[in-house]
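For reference, the structure is listed below as structure tokens.
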Amino acid sequence: MRKIVLPNRKRLAMTGIMCAGLVAVIAAALFSPVLARFDSVSVEAANGNIVNGGEWVPLEGVPNAWYYVTSDGTHHADCFSFDSYYVEANGVRLLTKSILNTELPMRNSWLTAKDAANFDCFVPTAASVQRALAGTLKKYRTLTVYNTHMMLSSVGSTGDGTYMADRLGLYKNSDINGYTIMVATSIIGDRKVASAAIGDVDLIAYYDYEVLRYYTNSVSRNGDLLAGAIYSHWMDVNEKNIKLGEWVRIGDTMVRYMPGDGQGLYEIKAAF
């Protein structure tokens, strides 16, 4: 299996050319929104449905942020626009999302396993995420891109020496033309615990959740919704009712849980 070590300038340059087309497609899908001003936002949740007939209206004072408004004046949230972008639950769509000092262009399509090819298109952003992890967590977390998966690992030690432990992975799952997300770590989705100790458990759990967000936002249009659903299930709250062996829709994604040996396996594929 071919391994891509991060960072690698030659690899990044080659992959940058390959991914430029994707970025260009995303940029081309944007259009000049109708200029208007609104004093307040009324949100009608659509539960991940497609709402046609709307227009993008800039959010005043917030760069690259947009409301999605239909002709009746309704500002929609938790839905997909006519041009297939996701509008967050707070009624805002961002042009990009910043995760671990890495700007991810927001997608207007679900990235299938077939489209992901050999995971080369993940290398530039994964390299940036790895730099952020190394700057704070040092040896406690390392993100590596392989031919068919990405893995967040840590270094452990025993009397026999050191070893690498897999903590959080995104695997290509060609059987469903989607992915399997492997979770074998604690994750904290609602707070960042400041600590002077690099090995602080809560601090690591926060960064692990940010890597989960990086995974889900790289393939899904509603990455934070998906990451939150996996987090909730893993923490035994299960607000989105993810089920064992049964597909459940989370926005643009179908999810099912498959237990593993000391880990959770979340299979994900496109809902539409």
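The values are calculated or read from the model by the stated rules, or taken from the named source; none is laboratory data. Predicted, not measured: the structure shown is a model, and the values here were computed from it. Reconstructed Cβ throughout: ideal geometry from the backbone, glycine too, with neighbour counts over all protein chains shown.
Table for the structure above
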read-out: Odd one out for N118, checked against (1) in contact with a strand residue (DSSP E or B) (Cβ under 7 Å, 6 or more places away or on another chain); (2) in a loop (DSSP other than H, G, I, E, B); (3) modelled with pLDDT of 90 or more; value: (1)
read-out: Hits in the stretch 228-262 (condition: assigned to a strand (DSSP E or B) and of a type in the set (K, R)); value: K243, R249, R256
read-out: Enumeration of residues in the stretch 128-145 that are assigned to a strand (DSSP E or B) and within 14 Å of Y215 (Cα to Cα); value: L143, T144, V145
read-out: Residue count, the stretch 175-197 (criterion: among the polar types (S, T, N, Q), at pLDDT 95 or above and in contact with a helix residue (DSSP H, G or I) (Cβ under 9 Å, 6 or more places away or on another chain)); value: 1
read-out: M106 vs. criteria in the same structural domain as G223 (by TED's automatic domain parsing), under 15 Å from the mean Cα position of the chain (by Cα) and crowded, with 17+ Cβ neighbours inside 10 Å; value: no
read-out: Subset of the stretch 71-111 [among the β-branched types (V, I, T) and in a loop (DSSP other than H, G, I, E, B)]; value: T74, V92
read-out: D224 being more than 20 Å from A113 (Cβ to Cβ) and without any contact (Cβ under 8 Å) to a residue 24 or more places away in the chain; value: no
